[in-house]
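The values are calculated or read from the model by the stated rules, or taken from the named source; none is laboratory data. Bear in mind the structure is a predicted one, so any value in this text is a computation, not a measurement. Note that each Cβ is placed from the backbone with ideal geometry, even for glycine, and that neighbours are counted across all protein chains shown. Note: accessible area is taken over every heavy atom of the protein model, side chains too, but ligands, DNA and RNA are not part of it. Shrake-Rupley method; radii C 1.70, N 1.55, O 1.52, S 1.80 Å.
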Amino acid sequence: MSTDNRFSPHLATRRELMLGAGALFAWAYMPKLAQAEGRDPRLLVVILRGALDGLAAVAPVGDPDWVRLRGDKGLRADGEFAALPLDNFFALNPAMPNFHRLYQAKQAAVVHAVATPYRERSHFDGQDVLESGIVTPGGSDSGWLNRAWSVLQPADRVAARQAFAVGPITPLVARGKAPVMSWTPSKLPPASNDTMSRLIDLYRHTDPALAKALEERGALAAIAQGDMNGMSPKKIAATPGVPGAAVRAYFAEAAGAAAKFMARPEGPRVGALAFDGWDTHANEGADHGRLSALLGALDGAFGAMESNMGGAWKETVVVVATEFGRTARINGTDGTDHGTATVALLAGGALKGGRVIADWPGLSEQALYQARDLKPTTDLRAVLKGLLRDHLRADEKALARDVFPGSEVVKPMDGLVA
């Protein structure tokens, strides 16, 4: 562990955990069973806070009800902003060429119509369930990834399971018995509308004057920003309040730093990052707007991780998850509201990729969950348990008992890693 004075312990409240921009944490030793197999696996978990619209990231262009639901706001298989084909049914947002390249190389995969056990629509509670691994919001102050690492036997004797973090606040998924150190990247992302709305909600109860000032600031920013419809991607990137160059730079720096740390022979083997800003209630812009820019930033993060991992990429799995999805229909402000099922994105040289894994529920009126959302058919815990068991060799009973308590009926997904 570096003794650089940029590293310092950081303790955060639960509210701070929900607002934090991100962290990388890990322990610098190899799992014993993996070493016995001649492997040195890495696992990086990326949390997207704010609820990613999975239907805009990976569109079911082959579903006969797709166009009926999204109209000209939905991705198409052809046209000026044609989606990138994954198979004869699903297509990827065109802002993600890196992920598409990895998919074609069988180093990326998509799990669609996936969700945690949470079925309400609160960001705070949804993120709590996602990161804690506990069905009940507020059920634990530790995260499933921290607990997962604690059940793995190290290959060598380690005096202390010291962890470190990249980012201003350690996310709940990484919190637990092991102490976490933090480092803040030089580039910080601008505060998103999602973050501002959460701060306003917090201060309405504790500091109404500050809440009012924040609301007024937001109104002025909205007036200054104006209508983004029809703006070019270049102009969007240069517009205040719109995810652009600063966000792309932050995503790439944070992800690239994580990869560099994890690529070192003595470096960490498991880590977590969190990126905010995915709450797209208005002017979502799946093809050339705000969400497109965010997905482009995430795509750049994939590229930075692959590049900076070097030879360790072949031993790596990256899993990207979010607290819940968005509504199947576009709302009256050209956005989407809080929904249920979404996508999990997987990447890495250790994956058995080139697949969209989905028990597709369909998008007919009868098939929608509560007549509004993509119906969840895959439990995210099955995906995570499959990766932890087969990639890191965590014990299946310990996963059900200690890592995801009460998940005995959720069987680990088979065949995710090569």
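Values as computed for the structure displayed
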read-out	value
Solvent exposure, largest accessible area first (probe 1.4 Å, DNA, RNA and ligands not counted), of Val110, Val417	Val417, Val110
Accessible heavy-atom area order of Phe99, Phe81, highest first, probe of 1.4 Å	Phe81, Phe99
Exposure ranking of Asp65, Asp125, Asp78, Asp279 by accessible area [1.4 Å probe, largest first]	Asp78, Asp125, Asp65, Asp279
Amide hydrogen neighbours beyond the local backbone of Tyr118, cut-off 5 Å, H modeled	none
Surface share of carbon and sulfur [accessible, 1.4 angstrom probe, percent] for the stretch 326-418	49
With DNA, RNA and ligands ignored, accessible area of Asp72 (1.4 Å probe; Å², nearest 10)	120
Simple label model, 7 Å out from Cα along Cβ direction - Asp141 to Ala418, nm	4.3
C-alpha center-to-center spacing [the stretch 47-101, the stretch 299-372] in angstrom	11
Förster-model FRET efficiency, 41 Å R0, Arg401 and Ser307, C-beta, rounded to 0.05	0.60
Gyration tensor verdict on the stretch 55-158 (Cα atoms; rounded if a/c is under 1.5, prolate if a/b is larger than b/c, oblate otherwise)	oblate
Prolate/oblate/rounded label for the stretch 239-381 (Cα gyration tensor, a/c 1.5)	oblate
Accessible area (Å², 1.4 Å probe, nearest 10) - Trp144	10
Thr378 accessible area, assembled protein chains, probe 1.4 Å, Å²	20
Cβ-defined net charge surrounding Arg355, 11 Å radius [Lys, Arg +1; Asp, Glu -1]	+1
Local net charge near Lys106, Cβ-Cβ under 15 Å (Lys/Arg +1, Asp/Glu -1)	+2
Net charge contributed by nearby residues that have their C-beta within less than 11 Å of Ala304 (K/R +1, D/E -1)	-1
